[in-house]
1. I want the local charge near B:T113. Using Cβ-Cβ distances under 11 Å, sum +1 for each Lys or Arg and -1 for each Asp or Glu among the other residues.
2. Summarise the partner chain shielding of A:162-169 as one whole number: the mean count of Cβ atoms from other chains within 10 Å of each residue's Cβ.
3. Taking the Cα atoms of chain B, report the difference between the largest and smallest coordinate on each principal axis, in whole Å and largest first.
4. A:W64: net charge of surrounding residues, Cβ under 14 Å, Lys/Arg +1, Asp/Glu -1, itself excluded?
5. For segment A:135-175 and segment B:1-74, what is the separation of their C-alpha centers, rounded to whole Å?
6. Of B:K29/B:K98; B:K29/B:K101; A:K101/B:K98; A:K29/A:K101, which ones are farther than 26 Å apart at the Cα?
7. Using a Gaussian network model of chain B with C-alpha springs under 10 Å, which one of B:R24, B:R99, B:R136 is most mobile by mean-square fluctuation?
8. Assuming a ≥ b ≥ c are the square roots of the Cα gyration tensor eigenvalues, decide whether the protein assembly as shown counts as rounded (a/c under 1.5), prolate (otherwise, with a/b larger than b/c) or oblate.
Protein chains: 2
Amino acid sequence: MPPAAAEPLTPERILATTEEVLRRFGPTKATVVDVARALGVSHGSVYRHFPSKAALREAVTERWLTKSAVLLEEIASAPGGSAPSKLEAWLEALFEAKRHKAGDDPELFATYTVLLAENSGVVDEHLTELVAQLARIIAEGVAAGSLAAGDVPGAARAVFDATGRFHDPQYAADWLSPTIIPEFEAVTSLVIRGLRA
Amino acid sequence: MPPAAAEPLTPERILATTEEVLRRFGPTKATVVDVARALGVSHGSVYRHFPSKAALREAVTERWLTKSAVLLEEIASAPGGSAPSKLEAWLEALFEAKRHKAGDDPELFATYTVLLAENSGVVDEHLTELVAQLARIIAEGVAAGSLAAGDVPGAARAVFDATGRFHDPQYAADWLSPTIIPEFEAVTSLVIRGLRA
DNA sequence: CGAGTGACAGATATTGAAATCTGTCACTCG
DNA sequence: CGAGTGACAGATTTCAATATCTGTCACTCG
């Protein structure tokens with residue numbers, strides 16, 4: 001981040017710089033003063049755009065989660081393909097995305113894990129959104145006769161819960177295990193089998 | 001714990017006192033000196049029986065896990081009953097036991113959660129033992145024709161992983177939610193359905 | 001002997017004073 | 001005006017000194 005630039009100070013620019021500062025200093029060391037310094041403004045200016053440090057960090061978290069949700073939405077709403085195979089693709093995309101984020105840059109992943117933990121409200125909304133995506137896939141399968149579910153939202157939630165080990169960041173350490181992929185496949189196929197008509 | 005008694009200083013007595021001290025002071029404050037004081041001996045004596053504080057805490061952890069495993073083993077090896085219903089009973093017993101421990105004495109539960117985290121070796125053995133119990137139930141079902149599984153140990157592991165939300169202490173906070181029981185039932189029935197012949 | 005002791009060295013944790021950070025606000029200046 | 005400032009009070013974090021704990025060992029004493 002170049003020290004300054006006479007560009008207008010927008011929320012967008014502040015968020016991007018906050019991400020950068022979090023990346024460099026980590027979640028415990030990154031301060032509002034650091035963000036302001038990186039932007040070449042006083043920290044008071046940052047408070048013109050965000051009411052608190054917590055709100056700033058929450059906005060960064062939201063941004064990150066939105067990116068993931070959009071990616072998965074594309075799979076969920078893709079035309080064609082059977083519901084079971086779409087379900088499998090969706091679960092695999094979720095797992096692979098997380099696994100790569102955790103594996104490629106563990107420090108950044110740890111940083112975001114801290115932010116997720118302190119913004120459970122934003123995370124809950126994100127999880128609700130993901131379960132809703134799953135529910136749409138399952139509903140499609142029920143309509144097509146390839147899946148069976150009495151309570152579609154309940155089934156979606158159950159699928160999400162049952163695969164928690166492969167998307168909950170608390171298990172990130174396990175994702176490095178060489179047996180994690182067969183384990184993922186075993187759970188996925190068990191769950192899909194349980195949902196088949 | 002009465003200050004002293006001229007009883008012989010056995011590993012068993014040290015372990016019981018360590019549990020008591022952990023219960024009262026919590027995992028961060030409980031020291032070997034505290035344990036010795038509660039036993040009315042010098043801390044050097046404790047080191048005659050356990051090579052280190054870590055070993056002492058590990059032994060306490062092992063003791064606790066063994067108790068749980070024995071309880072579940074009774075269900076797994078009970079004669080009679082179909083494999084699917086035994087599987088359900090086993091999963092429910094595991095969940096209820098954990099849920100009650102967490103709900104009835106949250107501080108003690110938190111203490112043990114800390115000990116579990118620092119003794120992953122002991123925990124891994126315990127988990128292997130539990131998965132083996134599941135595998136025995138599933139094998140019984142396959143033999144009786146009520147369940148289907150190509151790879152029985154793999155399926156047991158998958159069942160265990162899929163129900164993680166209902167036994168992994170990291171999720172203990174969720175166990176207080178009023179919706180946790182239907183969620184448990186949804187996952188359990190999905191998994192058992194996936195295993196049915 | 002051999003279970004138990006207690007003084008000791010090095011490691012770890014606690015504490016309180018100093019430094020830094022968060023959030024506010026009266027002010028500047030284009 | 002209204003985006004940006006910087007000095008300030010109170011909260012939080014850091015750091016170094018102090019205290020406590022862990023683990024060892026030469027010793028006691030039944």
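1. Values: positive: B:K98, B:K101; negative: B:E107, B:E118, B:D168.
My count for the surroundings of B:T113 gives -1.
2. On the way: counts 13, 3, 9, 6, 1, 0, 5, 0.
That works out to 5 on average.
3. Ordered largest first, chain B gives principal extents of 62, 35, 25 Å.
4. Details: positive: A:R23, A:R57, A:R63, A:K67, A:K98, A:K101; negative: A:E19, A:E20, A:E58, A:E62, A:D105, A:E118, A:E125, A:E129.
Every neighbour counted, the sum reads -2.
5. The two parts, judged by their Cα centres, are 44 Å apart.
6. Working: B:K29/B:K98 24 Å; B:K29/B:K101 22 Å; A:K101/B:K98 32 Å; A:K29/A:K101 22 Å.
Pairs exceeding the cut-off: A:K101/B:K98.
7. Comparing B:R24, B:R99, B:R136 in the GNM, the peak value goes to B:R24.
8. oblate
Laboratory data are not the source of any read-out in this text; all were calculated from the coordinates shown. Because the structure is predicted, anything quoted here is derived from the model rather than measured. Note that we place each Cβ from the backbone using ideal geometry, even for glycine, and neighbour counts take in every protein chain shown.
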